[in-house]
Amino acid sequence: FRESVTWSALSISGISFRYNKKGFIFDTKGQSVFSEDTELLLQIMALMNSVVATEFMRILAPTLDFNSGTVAKTPFIRPLEQSKVTEIAQGSIRLSRADWDSSELSWDFGKSPMLSIRKNPVGTMEPILYSSLSESWVNWASDCATAISAMHELEHENNRHWIDVYGLQNELSANVPEEEITLARPDRRKDMAAFLSYAVGCMMGRYSLDKSGLILADAGDTVENFLAKVGK
């Protein structure tokens, strides 16, 4: 139940590390790295998500079975620009978390991203809701593109830092193919299906337009339970 960084022990697409808050446990196929030093933990995660670690894993785990013994053999050199690497890791976590929280599958799901607001025009004080679903979807698509671009830049910068730390400038490239960025991409059909799912959730009391997050999740809940959480 401690703060950690976790990864999938078996993967066909290479190793990938994710940050875990306190309150979760690990298993043989979802193992974890622990440290009392959060900054060190984030730096380890940053290294293991870089092209440098990918190269190490090609040597240490050619069969793509990333067990804890193999990961523990990865040589770790703490970077000179520690704060910069930590900032990159934190920025990546924020983008990934916001992306995941836009899905109903997330425990921290608040509301449909189709209900986002238009940026305030110059001179106005109040946010303006989009006038149509199609207009809102275009905004969502724009937000996706912005997030992907920001993550792409962070991953490139992360690779560059670790390549410099290990002196592999002549061996590896910091470039990251954009298709490898795993954040959500706009898809009209899937996005409308998700919007309809959220709409039905609002009708059934699971969600509410008046309050973000999960409202009712018990089959025995009543209108009184709903009003107690949302108000009239």
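Quick notes on this one:
- Couplings 3J(HN,Hα) for the stretch 81-95, derived from phi with the Karplus relation 6.51 cos²θ - 1.76 cosθ + 1.60 (θ = phi - 60°), are 8, 4, 5, 5, 5, 5, 4, 4, 5, 5, x, 5, 5, 4, 5 Hz, where x marks Gly and Pro.
- Calculated [θ] (222 nm, deg cm²/dmol) that DSSP helices of n ≥ 4 give over the chain, each run adding -39,500 (n - 2.57): -14500 deg cm²/dmol
- Long-range amide H partners of residue 8 with built H, under 5 Å: 16
- Of 213, 186, 176, farthest towards positive along the dipole that unit charges on Lys, Arg, Asp, Glu beta carbons give the chain: 213
- Here is the size of the chain from its Cα atoms: Rg then Dmax, 21.2, 67 Å.
- Only protein heavy atoms count here; on that basis, with a 1.4 Å probe, residue 192 has an accessible area of about 60 Å².
- Solvent-accessible surface of protein heavy atoms, probed at 1.4 angstrom with all chains present, puts 190, 111, 84 in the order 190, 111, 84, largest first.
- Partners of residue 29 within straight-line reach, counting lysines whose Cα lies under 23 Å from its Cα and excluding those fewer than 8 residues away in the same chain: 21, 73.
- Taking all protein chains as they are arranged and a probe of 1.4 Å, the heavy atoms of residue 94 leave approximately 150 Å² accessible to solvent.
- Of all accessible heavy-atom area on the chain, the percent that carbon and sulfur account for (1.4 Å): 56
- Counting only protein chain heavy atoms and rolling a 1.4 Å probe, the accessible areas of 215, 12 rank, largest first, as 12, 215.
- Area accessible to solvent at residue 8, 1.4 Å probe radius, in Å²: 70
- To the nearest ten degrees, helix 133-165 and the longest principal axis of the Cα atoms of the chain are 20 degrees apart.
- Placing unit charges on the Cβ atoms only, positive for Lys and Arg and negative for Asp and Glu, gives the chain a dipole magnitude near 420 debye about its Cα centre.
- Heavy-atom accessible area, probed at 1.4 angstrom with all protein chains present, ranks 166, 207 as 166, 207, highest first.
- Within the same chain, lysines fewer than 8 places from residue 232 are excluded, and of the rest, those with a Cα less than 21 Å from its Cα are 111, 211.
The values are calculated or read from the model by the stated rules, or taken from the named source; none is laboratory data. Not measured: the values here are computed from a predicted model. No Cβ is skipped: glycine too gets one built from the backbone with ideal geometry, and neighbour counts run over all protein chains shown. SASA here: full protein model, heavy atoms, side chains in, ligands and nucleic acids out. Shrake-Rupley method; radii C 1.70, N 1.55, O 1.52, S 1.80 Å.
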